[in-house]
1. Keeping to segment B:90-110, report how many residues are touching a Lys or Arg at 6+ places or on another chain (Cβ under 7 Å) and away from every other protein chain (no Cβ under 11 Å).
2. Residues B:Asp63, B:Asp94, B:Asp86: which one is surrounded by 14 or more Cβ atoms within 10 Å (Cβ to Cβ), acidic (Asp, Glu) and at pLDDT 85 or above?
3. Applying the selection to segment A:91-117, what residues are crowded, with 17+ Cβ neighbours inside 10 Å, more than 7 Å from chain B (Cβ to nearest Cβ) and in a loop (DSSP other than H, G, I, E, B)?
4. Of the conditions (1) within 11 Å of chain A (Cβ to nearest Cβ); (2) over 18 Å from A:Gly108 (Cα atoms); (3) crowded, with 20+ Cβ neighbours inside 10 Å, B:Ile27 clears all except one; give me its number.
5. Considering each residue of segment A:52-90, count those that are of a type in the set (A, V, I, L, M), surrounded by fewer than 21 Cβ atoms within 10 Å (Cβ to Cβ) and at pLDDT 95 or above, and give that number.
6. So, A:Leu16, is that one within 13 Å of chain B (Cβ to nearest Cβ), surrounded by fewer than 17 Cβ atoms within 10 Å (Cβ to Cβ) and of a type in the set (A, V, I, L, M, F, W, C) or not?
7. Taking segment A:38-80, which residues are more than 14 Å from the chain's Cα centre (by Cα) and either of a type in the set (Phe, Trp, Tyr) or in a strand (DSSP E or B) (or both)?
8. Within the bounds of segment B:62-79, is there any residue that is away from chain A (no Cβ under 11 Å) and polar (S, T, N, Q)?
Amino acid sequence: MAGTIVLEFPSDYKFLNIVDLVCGEIVEGLCTGHLAANEIAISVIEAVTNAIEHGNCQCSDENVRVVFECKNDRLCVEVEDCGKGFDYACFLKNIPDPTDVQHLRGRGIYIMKNMMDSLDFEMVPGKGMKVKLEKLLKPKESGDVIKD
Amino acid sequence: MSARCALGGPELRIESREKNGVVILDIQGKLMGGPDAETFKNTIHKTIEKGGKQVIVNLHGVDWINSTGMGILISGYTTMRRSGGDLRLLHVSDKIQSILYVTKLNMIFKCFDNEDEAVASFANG
């Protein structure tokens, strides 16, 4: 993939379909395995879900912007919302145990953190929260087996 | 991006059937929160009201799921366990498997690829 691909859409869950399809098409053309492709798709959907639900509070007047960019050996994805942001440093230090079935929420960031090679947050003044995801692109032969 | 590209797609649909005393919930669509949570929760409560304690959630028709959708399944699991029953998963896709694995929820949910084996598993405890 050369260049940058940008998606911008209102905060509505129905657009997750489009994000999933575009993400799938982008990843398919990259040199990466099936497992890594799934991890990218899952993480991007998590970030966009958070942007719609928490960032923009499902307000359809507020847009979500997703930027895909391939940089040498990695795919970089940025997801921006128009929200007030949150104390991500505090959240990252206190991520709830994902196996605790008493918690029905709070696994999205855990999933992104563990499926991507890099996860970062940035508050953009006058705009909103930006989530930055990076995944190293590996040969298709490697990393395709889920081990127990 | 032809027919696959429809915006939104179908709402979550759940059909309930029974096999050897085990309730099988066939799910179609995307499990991602919002009204889906209420739909699934109502189905689980109706199942319990009818005396159902052994539930298999058939995910064959689920394109994808997010962490909110995973929370919906966890809610169903805990509800069934509290009522003395259990909830197991059937036909888990690669993507859902990846989420279960990374969150270690694969240690909580029993997953099956074969419906008869899933049904028979309740007889084995």
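1. The qualifying residues number 1.
2. On the way: B:Asp63 fails: at pLDDT 85 or above; B:Asp94 fails: surrounded by 14 or more Cβ atoms within 10 Å (Cβ to Cβ).
Result: B:Asp86 is the single residue among B:Asp63, B:Asp94, B:Asp86 that is surrounded by 14 or more Cβ atoms within 10 Å (Cβ to Cβ), acidic (Asp, Glu) and at pLDDT 85 or above.
3. A:Met116
4. With (1) within 11 Å of chain A (Cβ to nearest Cβ); (2) over 18 Å from A:Gly108 (Cα atoms); (3) crowded, with 20+ Cβ neighbours inside 10 Å applied to B:Ile27, the lone miss is (1).
5. As a first pass, look at segment A:52-90 and keep what is of a type in the set (A, V, I, L, M): A:52, A:64, A:66-67, A:75, A:77, A:79, A:89.
If we keep only those that are surrounded by fewer than 21 Cβ atoms within 10 Å (Cβ to Cβ) too, we end up with A:67, A:89.
Cutting the leftovers down to at pLDDT 95 or above gives us A:67.
The total comes to 1.
6. Numbers: within 13 Å of chain B (Cβ to nearest Cβ): yes; surrounded by fewer than 17 Cβ atoms within 10 Å (Cβ to Cβ): no; of a type in the set (A, V, I, L, M, F, W, C): yes.
No, not satisfied.
7. Passing the criteria: A:Asn63, A:Cys70, A:Lys71, A:Arg74.
8. Taking segment B:62-79 as the starting set, the residues that turn out to be away from chain A (no Cβ under 11 Å) are B:62.
Restricting the remaining residues to those that are polar (S, T, N, Q) gives none.
For segment B:62-79, residues away from chain A (no Cβ under 11 Å) and polar (S, T, N, Q): absent.
The values are calculated or read from the model by the stated rules, or taken from the named source; none is laboratory data. All values derive from a computational prediction rather than experimental measurement. When we count neighbours, we look across all protein chains shown, and the Cβ atoms used for this are built from the backbone with ideal geometry, even at glycine.
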